[in-house]
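The values are calculated or read from the model by the stated rules, or taken from the named source; none is laboratory data. Please read all numbers here as calculations on a predicted model, not as lab measurements. For neighbour counting, all protein chains shown are included, and Cβ atoms are generated from backbone atoms with ideal geometry for every residue, glycine included.
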Amino acid sequence: MDDLSKLFRNLEVSKMKNRILIGVIAGGLSSEREISLKTGKNINDSLLRSGYNTLFIDFMDIDTGKLKKIDRAFLALHGRYGEDGTVQGILELMKIPYTGSGVLSSAMVIDKILSKRIMRYEGLPTPDFTEVRSGKNMDSLKPDLKHISLIVRKEIGYPVVIKPNREGSTIGITKACNEEELYKGLEVAIKYDGRVLVEKFIKGREITVGIIGREPVPLPIVEIIPRNGFFSYECKYIKNMTEYIVPAVIEPDIGKSIIDMSLKSHKALCCNGISRVDLIIDENNDVHILEVNTMPGMTGTSLVPMAARAAGISFDLLVEIILDCTGLEN
Ligand SMILES: Nc1ncnc2c1ncn2[C@@H]1O[C@H](COP(=O)(O)OP(=O)(O)O)[C@@H](O)[C@H]1O
Ligand SMILES: [Mg+2]
């Protein structure tokens, strides 16, 4: 395995560490608030270890007074109001450079349906899908159910996965093998989002690719083997619920194509500094992209830090690499 740390030896940001105050913004209002607080604390501790001055800002008590004090923002938010371009918009207006992707990219990538349309346009493989729009309750959807069911059966085929369009951490996601389960799944998903994605279920090996740096560098591929078959919320955050293999054992030509399509997705969706691409290799060795994340978790069990470690990049260096990619879109 290559030692990738040498690519990041002279980070510009390291030279100014005594002169800048970094605001670590975490918490957020989404269903992933708890995860975000963990990510934020890890990042804050790491920046302090590396000799930076920080101000930890819980999103709940964010105000322009606090923001005016900081020179740069390290965003550790997941889901809506944070990973979706809204906070990025405030920081753009205040001219405070922030980590990660810009307004447009963040808003685009959190929208799973829109991202899939862009991937399709770019020739990137992503499972067949259909979009369901509802008024956030099952009653308004009732007249359309038969039609949706027909499309799912004819154009996608069971089993399918039903997902709220803009959630993370597997929240609100279910699998359906028939019409009855489809309806149940829609009922669950529309509680979280008025737009729902119904996608072909792909049986296979689940993998993920982290991408970091100003010039995007792919990290080693991680294979995820959840105990219960589905990479659920519990499997993501409770230790020993999932086995991880890094670097994943994959035939070199398939590995290369996975890296190529992950980099292409990162670029097509205009990501900056860091992203993580979730994919599945099916039983015929065909690869399918599930989604891209612009603010992947940085908790003790998170995937990007795990992949970075396998490539010789410590957690503290990873945090500095992300910080080095701070910028403004305008
Ligand atoms: N089309 C699919 N086929 C098989 N499993 C899926 C599919 N879509 C999602 N999953 C499972 O659900 C998990 C979460 O889905 P994902 O699209 O990555 O959303 P998020 O991570 O934002 O909640 C995946 O890691 C995978 O285990
Ligand atoms: Mg995912």
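Points to keep in mind about this one:
- The range 215-239: number of residues that are in a loop (DSSP other than H, G, I, E, B) and within 26 Å of Ser101 (Cα to Cα): 7
- Of all residues in the range 26-63, those being assigned to a loop (DSSP other than H, G, I, E, B) and either touching a Leu at 6+ places or on another chain (Cβ under 7 Å) or among the aromatic types (Phe, Trp, Tyr) (or both) number 3.
- One residue alone among Leu67, Leu55, Leu77, Leu91 is hydrophobic (A, V, I, L, M, F, W, C) and under 26 Å from Ala189 (Cβ atoms), and that residue is Leu77.
- Considering the range 119-146, the residues that are of a type in the set (Val, Ile, Thr) and under 19 Å from Ile280 (Cβ atoms) include one that is surrounded by the most Cβ atoms within 10 Å (Cβ to Cβ), namely Thr126.
- If only residues of the range 202-225 that are without any contact (Cβ under 8 Å) to a residue 60 or more places away in the chain and over 30 Å from Val13 (Cα atoms) are counted, the one that is farthest from the chain's Cα centre (by Cα) is Ile225.
- Some residue of the range 126-141 being in contact (Cβ under 8 Å) with a residue 40 or more places away in the chain and within 27 Å of Thr301 (Cβ to Cβ): yes
- Some residue of the range 121-144 being part of a helix (DSSP H, G or I) and at pLDDT 95 or above: yes
- For the range 284-330, a residue qualifies if it is touching a strand residue (DSSP E or B) at 6+ places or on another chain (Cβ under 6 Å), closer than 26 Å to Lys116 by Cα and hydroxyl-bearing (Ser, Thr, Tyr), and exactly one does: Thr294.
- Qualifying residues in the range 161-183 (those that are of a type in the set (D, E, K, R) and more than 10 Å from ligand 1 (Cβ to nearest atom)) - the one surrounded by the fewest Cβ atoms within 10 Å (Cβ to Cβ): Glu180
- Exclusive hit being within 30 Å of Gly51 (Cα to Cα), touching an Asp or Glu at 6+ places or on another chain (Cβ under 7 Å) and away from ligand 1 (no atom under 16 Å from the Cβ), set Glu320, Glu329: Glu329
- Selection of strands (runs of 3 or more DSSP E) fully inside the range 240-296 by the criterion of at least 2 residues being within 15 Å of ligand 1 (Cβ to nearest atom) and surrounded by 22 or more Cβ atoms within 10 Å (Cβ to Cβ) returns 273-282, 287-293.
A quick yes/no check of all residues on (1) under 27 Å from Leu197 (Cα atoms); (2) out of contact with any strand residue (DSSP E or B) (no Cβ under 9 Å at 6 or more places or on another chain); (3) outside any helix (DSSP H, G or I); (4) not β-branched (Val, Ile, Thr):
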site	(1), (2), (3), (4)
Lys66	no, no, no, yes
Gly79	yes, yes, yes, yes
Glu83	yes, no, yes, yes
Ile90	no, yes, no, no
Ser101	yes, no, yes, yes
Leu104	yes, yes, no, yes
Val109	yes, no, no, no
Ile113	yes, no, no, no
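- Of all residues in the range 225-234, those satisfying the criterion of being surrounded by fewer than 20 Cβ atoms within 10 Å (Cβ to Cβ) and touching a strand residue (DSSP E or B) at 6+ places or on another chain (Cβ under 8 Å) are Ile225, Pro226, Arg227, Phe230, Ser232.
- For Arg195, the test of being in contact (Cβ under 8 Å) with a residue 40 or more places away in the chain and more than 15 Å from ligand 2 (Cβ to nearest atom) is passed.
- Test: residue in the range 184-195 that is in a loop (DSSP other than H, G, I, E, B) and either within 13 Å of ligand 1 (Cβ to nearest atom) or under 15 Å from the mean Cα position of the chain (by Cα) (or both): yes
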